[in-house]
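Below: one structure, written as structure tokens.
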Amino acid sequence: MFEVRNSKGAKVLIKSYHDLEVYKRSYNLALQVHRLTQRFPRHELYEIGSQLRRAAISIPLNIAEGYGRKQYVNDFRHFLINALGSCNEVAVLIEMVKDLGYVIEQYSELREEYDHLGRQLNKLIQTWK
């Protein structure tokens, strides 16, 4: 167990990766992306849809795997950096599927959510000691 500060500056006791705000957000967004890609045209389900799902799922997976190695500061940071890279990949893919016309209504919300997630990951990377 260890303590971190939440977005409001209050100390929060972390017992598992499930307690991390960044994990919760990334997990819920991965579910949202997965559901969204199921509505893509059939020919895109195994192309861009698959790539988008894998990138979105990679974020909470990296957080969980890295948390398991939290006693090794550099290992957890490495996994958080990988999660940030996947977050950036999702942002590009969301923009691409918007430009292809597969996602229109959800684009702004998803883009904003992944931008926020990227900032959260970046802050956690910078402050993890």
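The values are calculated or read from the model by the stated rules, or taken from the named source; none is laboratory data. Bear in mind that the values here come from a model prediction, so they are computed numbers and not experimental data. Here the Cβ positions follow ideal geometry from the backbone for every residue, glycine too, while neighbour counts run over all protein chains shown.
Quick rundown of the values:
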quantity	calculated
Residue in the range 42-88 that is surrounded by the fewest Cβ atoms within 10 Å (Cβ to Cβ), counting only those that are among the charged types (D, E, K, R) and either farther than 16 Å from GLN32 by Cβ or in contact with a strand residue (DSSP E or B) (Cβ under 8 Å, 6 or more places away or on another chain) (or both)	ARG42
Residues of the range 13-38 satisfying the condition of being outside any helix (DSSP H, G or I) and either at pLDDT 90 or above or surrounded by 14 or more Cβ atoms within 10 Å (Cβ to Cβ) (or both)	ILE14, LEU20, GLN38
Scope the range 103-117; condition more than 18 Å from LEU31 (Cβ to Cβ) and either surrounded by 15 or more Cβ atoms within 10 Å (Cβ to Cβ) or over 10 Å from the mean Cα position of the chain (by Cα) (or both); matching residues	ILE104, SER108
Test: LYS98 is more than 17 Å from TYR23 (Cα to Cα), out of contact with any strand residue (DSSP E or B) (no Cβ under 6 Å at 6 or more places or on another chain) and in a helix (DSSP H, G or I)	yes
